[in-house]
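Input: a single structure, listed below in structure tokens.
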């Protein structure tokens, strides 16, 4: 992909991958409530979820695996 971009190619990619979204100079369109709009990479939900998982792994696993403490 990088080589093809260097030759002037363009790509339209639908992804949830924060790795692909981080590609330099990528334009990210958010397709959610309302018309499509451009957003910064760090303002995407996928970036936030991945960052939280990497920096707060145990807390995120608790949420994902529903490992909340039982109320006594």
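We did not get these values from a lab; they are worked out from the coordinates using the rules stated. Just so we're clear, the structure is a prediction, and the values are computed from it rather than from any experiment. In this analysis, Cβ positions are derived from the backbone assuming ideal geometry, glycine residues included, and neighbour counts consider all displayed protein chains.
In the stretch 14-41, which residues have a backbone nitrogen under 16 Å from the label point lying 7 Å from residue 53's Cα in the Cα-to-Cβ direction?
Counting backbone N atoms under 16 Å from the label point, the list is 15-22.
Per residue of the chain, what 222 nm ellipticity follows from adding -39500 (n - 2.57) for every DSSP H run with n ≥ 4, rounded to the nearest 500?
-9500 deg cm²/dmol
Relative contact order (percent) for the chain, with alpha-carbon contacts under 8 angstrom and 6 or more residues of separation?
It comes to 17 percent, rounded to a whole number.
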